[in-house]
Amino acid sequence: MRWGLGRNRYRVTPGLYAVGAPDAEAPLLVSANYKLSFDCLRSALHGIDAWILVIDTKGVNVWCAAGKGTFGTAEIIRRCQSAQVAKIVNHRTLIVPQLGAPGVAAHLVKKATGFSVSYGPVRAADLPEFLAANLQATPAMRRVTFTFLERLILTPVEVSVLRKTILYAIAALFILSGIGSDIFSFTAAWQRGTAALVPGLAGILAGCVITPALLPWLPSRLFAAKGALVGLAIACLLALVFYRQAAVPELIALFLFVASIASYTAMNFTGSSTFTSPSGVEKEMRIAIPWQAASLLIAGLLWIGSAF
Amino acid sequence: MATPGLTYLKNVATLKLETEKCIGCRLCMTVCPHGVFAFVNSIATITHLDSCMECGACASNCPTRALRVEAGVGCASAIIKGWLTGSEPSCDCSDDSTCC
């Protein structure tokens, strides 16, 4: 599910839900209608009586939806009114997840609904402590982390998102491999194509899985550079294990090919990370894409050249 | 404030604070996921600009619009699409794929 397959079927109907047996004094929490978010919140509230107001974020999680504004002021106001929450609770406090804040203007929610927004912790697991502490979060509860496990959990999405691109790239690889002194040979396309597939997949592994896993320990702030380094290391391994007999141009092609693919896919991981800024990503891309394109081009030319 | 090894490029964040508009409500400090702000004499200051990921939470919650930031989507693929189509970068989370 997390891989992005069938995500659209993973929605919760928006509206007001009860956890336990809440009364008019029970806390009122706002959630997205992404089922993983909702379930996570429900299980965190185990043993606590509370109201959950699920708003329509088109099945997208709180943080991403807030970035797009679908988890936002207007939708919160609309759901507060349609669920008539003012008649259900006596207090006037809405607990909104902190990561929803990019889409919300607390002062406008207050103006329209009379409810003041209290931003809850980043992680639902901290909610019991937050509620017990009279809606006070510790500084640690306010920080977004990006632990080894959190990074690893995201790696299948990276591959899944790229699946179409990968298929096109494999097709291109086979066509390129067929070019030779016979102009085009299907035998060569198959043989050389499968031989080139291994470094290609190794590059994806390097950029989509190994780089995210080792992220904080790799040198450079640029994801593209981190990925290229891992790609070069993997290419070294491949050269030592599989391609001891290869000619120098083929080896250069191998290194450039793996490094450019690893670099590009690693750069894409900026979208999953929790600390990169759009301005930074744009700057990184302006630096990295010419390098990636040039090394991929040289690798391709060397690869075609080695067939003659 | 950031985890060692998990800091991004320096001096690129577009976050701007007009100190004279700050009324000291501290909401920016509350909503910031990366501890960018601190309060000195009840007035906000930016202490960790390079930790800013431009999510826009502080700016949208600032009641006096003392904060400005060019918030947006941080996916590489979305930015490429934006360059190619000449539009604002936007991820297609709402369709069948994911990005953020």
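The values are calculated or read from the model by the stated rules, or taken from the named source; none is laboratory data. Keep in mind it's a predicted model, so treat the numbers as computed, not measured. All Cβ positions, even for glycine, are placed from backbone atoms using ideal geometry, and neighbour counts span all protein chains on display.
Tabulated values for the structure
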{"quantity": "Residue within region A:225-232 that is farther than 28 Å from residue A:272 by Cα and not hydrophobic (A, V, I, L, M, F, W, C) present", "calculated": "no"}
{"quantity": "First in region A:78-100 and assigned to a helix (DSSP H, G or I), second anywhere and among the hydroxyl-bearing types (Ser, Thr, Tyr), Cβ under 6 Å, 6 or more apart", "calculated": "A:80/A:113; A:98/A:119"}
{"quantity": "Tabulated pairs, region B:67-79, first at the interface with another protein chain (Cβ under 7 Å from one of its Cβ atoms), second at pLDDT 75 or above and in a loop (DSSP other than H, G, I, E, B), C-beta under 6 angstrom, 6+ apart or interchain", "calculated": "B:70/B:14; B:71/B:54; B:71/B:56; B:74/A:276"}
{"quantity": "Segments classed as helices (runs of 4 or more DSSP H), wholly inside region B:1-98, with at least 2 members that are modelled with pLDDT of 95 or more and surrounded by 13 or more Cβ atoms within 10 Å (Cβ to Cβ)", "calculated": "B:27-31, B:57-61"}
{"quantity": "Residue count for region A:105-143, restricted to those that are facing chain B (nearest Cβ under 10 Å), over 21 Å from the mean Cα position of the chain (by Cα) and under 12 Å from residue B:30 (Cβ atoms)", "calculated": "6"}
{"quantity": "Test: residue in region A:92-103 that is of a type in the set (Ser, Thr, Tyr), in contact with a Cys (Cβ under 8 Å, 6 or more places away or on another chain) and either over 30 Å from residue A:204 (Cβ atoms) or surrounded by fewer than 15 Cβ atoms within 10 Å (Cβ to Cβ) (or both)", "calculated": "no"}
{"quantity": "Residue A:54 within 14 Å of another protein chain (Cβ to nearest Cβ) and touching a strand residue (DSSP E or B) at 6+ places or on another chain (Cβ under 7 Å)", "calculated": "no"}
{"quantity": "Restricting region B:1-60 to residues that are more than 7 Å from every other protein chain (Cβ to nearest Cβ) and of a type in the set (Phe, Trp, Tyr), the residue that is nearest to residue A:72 (Cα to Cα)", "calculated": "B:37"}
{"quantity": "Filtered residue count, region A:148-158, keeping only those that are more than 9 Å from chain B (Cβ to nearest Cβ) and under 22 Å from residue A:100 (Cβ atoms)", "calculated": "3"}
{"quantity": "Where residue A:109 falls short, out of the listed (1) modelled with pLDDT under 95; (2) among the hydrophobic types (A, V, I, L, M, F, W, C); (3) in contact with a Cys (Cβ under 9 Å, 6 or more places away or on another chain)", "calculated": "(1)"}
{"quantity": "Filter result for the condition that a residue is within 11 Å of chain B (Cβ to nearest Cβ), in a helix (DSSP H, G or I) and surrounded by 13 or more Cβ atoms within 10 Å (Cβ to Cβ), over A:214, A:197", "calculated": "A:214"}
{"quantity": "Flag for residue A:162 being in contact (Cβ under 8 Å) with a residue 24 or more places away in the chain and at positive phi", "calculated": "no"}
{"quantity": "Conditions (1) within 14 Å of chain B (Cβ to nearest Cβ); (2) assigned to a helix (DSSP H, G or I): number failed by residue A:219", "calculated": "(2)"}
{"quantity": "Test: residue in region A:22-39 that is without any contact (Cβ under 8 Å) to a residue 12 or more places away in the chain and surrounded by fewer than 16 Cβ atoms within 10 Å (Cβ to Cβ)", "calculated": "yes"}
{"quantity": "Qualifying residue in region A:67-84 (condition: of a type outside the set (D, E, K, R), under 17 Å from the mean Cα position of the chain (by Cα) and facing chain B (nearest Cβ under 7 Å))", "calculated": "yes"}
{"quantity": "Breaking point among (1) under 18 Å from residue A:160 (Cβ atoms); (2) in contact with a Leu (Cβ under 9 Å, 6 or more places away or on another chain); (3) within 13 Å of another protein chain (Cβ to nearest Cβ), for residue A:276", "calculated": "(1)"}
{"quantity": "Filter result for residue A:305 (more than 14 Å from every other protein chain (Cβ to nearest Cβ), surrounded by fewer than 20 Cβ atoms within 10 Å (Cβ to Cβ) and within 19 Å of residue A:201 (Cβ to Cβ))", "calculated": "no"}
{"quantity": "Qualifying positions in region A:240-298 - of a type in the set (S, T, N, Q), farther than 15 Å from residue A:221 by Cβ and without any contact (Cβ under 8 Å) to a residue 40 or more places away in the chain", "calculated": "A:245, A:295"}
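The rows are residues; the columns are (1) within 30 Å of residue B:53 (Cβ to Cβ); (2) touching a helix residue (DSSP H, G or I) at 6+ places or on another chain (Cβ under 7 Å); (3) assigned to a helix (DSSP H, G or I).
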| position | (1), (2), (3) |
| --- | --- |
| A:245 | no, no, no |
| A:252 | no, yes, yes |
| A:255 | no, yes, yes |
| A:276 | yes, yes, no |
